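First comes the structure, then the notes that go with it.
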Amino acid sequence: MWEINLNNQFATLIYSLVLGIVLCVFYDILRALRKVGFNSFLAVFMADFLFWVLSAFATFLFLTARTYGEIRGYVLIGELFGFLLARFTVSKLTLPFFKFIFVYIKRFFILFDKLLSAVYSKIDRLFSKIGAFAVKIFNIAVKSIKKLL
């Protein structure tokens, strides 16, 4: 039987607090995406599903690494406390920061889309002219072949 080390448990508790804070920051990223405009039912459902799957996987890996796969109550409570601590303190800064970033990313993609649309319309006009010229040449060739026959 192995002996439980108190220093190891305390370090695991601190790490679980940090994991809870990291998960809260990841959740703030998803919240910022919702506030920017990705707030349809399907987008919210998929984002929440992704968050819970990644949170469960991160917790599983953490428990595997620190407690040899044993579920310890203080680890889960520490993770929850870290999440709530970050949610009521750090989120006041991270949510507006990520929202600001995503607004400018969205503006960049809108500008990029307008640029691509302009380039596409010019290419489309060019190919239309080339196609019309090819049809004209083809009609001339058909007429000259008919005359030869």
Quotient of Cα Rg and 2.2 N^0.38 Å for segment 33-149, N being how many residues it contains: 2.20
Roughly how tilted is helix 73-88, in degrees to the nearest 10 and between 0 and 90, from the longest Cα axis of the chain? 60
Can you work out ³J(HN,Hα) from phi for every residue in segment 102-114, in order, using Karplus 6.51 cos²θ - 1.76 cosθ + 1.60 and θ = phi - 60°, giving whole Hz and x for Gly and Pro? 5, 4, 6, 5, 5, 4, 4, 5, 5, 4, 5, 5, 5
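Relative contact order of the chain: what whole-number percent is it, with Cα pairs under 8 angstrom and at least 6 residues apart? Don't skip to the end; give the middle numbers.
On the way: 77 pairs, mean separation 54.9, N = 149.
Relative contact order, the chain: 37 percent.
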Total Lys pairs in the chain closer than 20 Å by alpha-carbon, pairs eight or more apart in sequence or interchain only? 7
Ordering of 39-46, 87-94, 142-149, 24-31 by packing [mean C-beta count within 10 Å, highest first]: 24-31, 87-94, 39-46, 142-149
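FYI, it's all coordinate maths here, none of it is from the lab. Quantities reported herein were computed from a predicted structural model and do not represent experimental measurements. All Cβ positions, even for glycine, are placed from backbone atoms using ideal geometry, and neighbour counts span all protein chains on display.
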